[in-house]
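Below is one structure; the comments refer to it alone.
What follows draws every value from the coordinates through simple rules; no lab data is involved. Predicted model only: the values in this text are computed from it and were never measured. Ideal geometry is used to build each Cβ from the backbone, glycine not excepted, and the neighbour counts take in all protein chains shown.
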């Protein structure tokens, strides 16, 4: 599999697991009035047991964490290169700014 297709697949997996984790997490923020607490199978939301929502949330979140870790591994060399470039650029700017400044001893020392 080419690297671009692998990156796309990993990112799609992270997206799907994020959506599942977010939706299942929002279920637990729903007011109790929206829950079916009288169900014979236990508390439910939208006809699905809260136990299922809890398991979905847990496993989707774990899968998302794995996908994010894989994403970081696949992009590690790029991240290191960008960090070096950014650090170098910032350092070069600071050095250039120091060169452009006049020393404090010369400022206001106009003897004629």
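For this structure, a couple of remarks:
- The selection criterion, being surrounded by 10 or more Cβ atoms within 10 Å (Cβ to Cβ) and under 16 Å from residue 19 (Cβ atoms), does not hold for residue 75.
- Among the residues of the stretch 39-59, those identified as in a helix (DSSP H, G or I) and surrounded by fewer than 13 Cβ atoms within 10 Å (Cβ to Cβ) are 51, 55, 58.
- Candidates are the residues of the stretch 13-38 that are more than 14 Å from residue 60 (Cβ to Cβ) and loosely packed, with under 14 Cβ neighbours inside 10 Å; the one that is nearest to the chain's Cα centre (by Cα) is 29.
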